[in-house]
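The values are calculated or read from the model by the stated rules, or taken from the named source; none is laboratory data. Note that the structure is predicted; figures quoted are calculated from it, not measured. Quick reminder, even Gly has a Cβ in these numbers, built from the backbone with ideal geometry, and neighbours come from all protein chains shown. When the accessible area is computed, the model is the full protein with side chains, heavy atoms only, and any ligands, DNA or RNA have been set aside. Shrake-Rupley method; radii C 1.70, N 1.55, O 1.52, S 1.80 Å.
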Amino acid sequence: MVALVIVAHSAKLAEGVRELAAQMTQGRVPIFAAGGVDDDILGTNAERIREALEAALASSQEVLVLMDLGSAVLSARMAIDLLPEEQRSRVRLSQAPLVEGAVVAAVEAAIGKGLDEIEASAVEAARMPKVT
Amino acid sequence: MPLTQEAVRAWLQRCAAVLEENRDYLTQLDAAIGDADHGVNMDRGFKAAMTKLASLDTQDIGTVFKTVGMALVSTVGGAGGPLYGTFFLQLGVKTTNKQELTPQDWAEALEAAVNGVIARGQARPGDKTMVDALLPALEAYKAALQEGVPFSEALARSAAAAEEGMKATIPMVAKKGRASYLGERSAGHQDPGATSSYLILRAAAESWAGAT
């Protein structure tokens, strides 16, 4: 099963998105939050993200990383580079929006979809009509 | 005399002091075109790095730089974290097992560091980023060495080129980072990342003014 890592500038935001995605899948999908510089300071922390990636890689063969904005992508890339080389190809950064992407990715992961399909569905989530 | 490990530590301490002094200035620059945290972020990161260095017992300059890089990665918070983290980690890679640095060592280390920042951030010259200060500084330094000027003079020219590059970011339209959300409205403001890069390179020229 694919695991998810949630990267956001706020620890509360990352934890909240994790909670929301986990609720959809009743804990069947391993989801790890890596938000904030620490629990109080807004920002992203590549070392914190690396720890979450390690935990995710210990539970799953592949990991999809959902991110908010700005430095989240740079820090996530840096975190991947801090992993042992042989593990790096098991991690993918998602183009999807954070909240919708995480929820859809969790649902897809729960039914055993692979990384490519999960990413495609998560990206598609951005185009789902919200206000109809 | 080549740079000793003490000289390297003196530079890093000067960086921490200069970034503390300029914390509000950098944050003001960032408030105009970004998320108003660059000064606070850099100050916090370098303070954390200094704490790590204080308890680091090593003769290896590479280890000193890598320690700073890792501290910045986990404490700066904004794009400066991975970018300056990469800058110092790359300096560390190129100076591994060195107890002193020659002018040529610094050329190689700075080149790796600047290339690391470019690879990490995917910014090109003219995008209104750190690269606009760092790349001219690297080129000026290498050109000065080619001319055979003393180490200290090459460092001074490098800092002067960084300053020019920093000022040249004022009319630029940002292509990277939060500032790029502003589009044309980012023109007319000096880039905070280019400014911190200049401050760091100026600190090197000042700390190492006696290097030959």
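For the reader, a short list of remarks on this structure follows.
- Subset of the stretch B:72-88 [at the interface with chain A (Cβ under 9 Å from one of its Cβ atoms) and part of a helix (DSSP H, G or I)]: B:Val73, B:Ser74, B:Thr75, B:Gly80, B:Gly81, B:Pro82, B:Leu83, B:Gly85, B:Thr86
- Test: residue in the stretch B:198-211 that is assigned to a loop (DSSP other than H, G, I, E, B) and open to solvent by less than 40 Å² (accessible area, probe 1.4 Å): yes
- Whichever residue in the stretch A:87-108 is over 14 Å from A:Ile6 (Cα atoms) and not basic (Lys, Arg) and, among such residues, is surrounded by the most Cβ atoms within 10 Å (Cβ to Cβ): A:Glu108
- If the condition is being surrounded by fewer than 24 Cβ atoms within 10 Å (Cβ to Cβ) and either closer than 27 Å to A:Arg77 by Cβ or within 12 Å of chain A (Cβ to nearest Cβ) (or both), then the stretch B:93-106 contributes B:Val93, B:Lys94, B:Thr96.
Residue by residue, here is whether (1) part of a strand (DSSP E or B); (2) open to solvent by 20 Å² or more (accessible area, probe 1.4 Å); (3) modelled with pLDDT of 95 or more holds:
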{"residue": "B:Ala10", "(1), (2), (3)": "no, yes, yes"}
{"residue": "B:Ala16", "(1), (2), (3)": "no, no, yes"}
{"residue": "B:Asp24", "(1), (2), (3)": "no, yes, yes"}
{"residue": "B:Leu29", "(1), (2), (3)": "no, yes, yes"}
{"residue": "B:Asp35", "(1), (2), (3)": "no, yes, no"}
{"residue": "B:Asn41", "(1), (2), (3)": "no, no, yes"}
{"residue": "B:Arg44", "(1), (2), (3)": "no, yes, yes"}
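- Flag for B:Ala49 being assigned to a helix (DSSP H, G or I) and at pLDDT below 95: no
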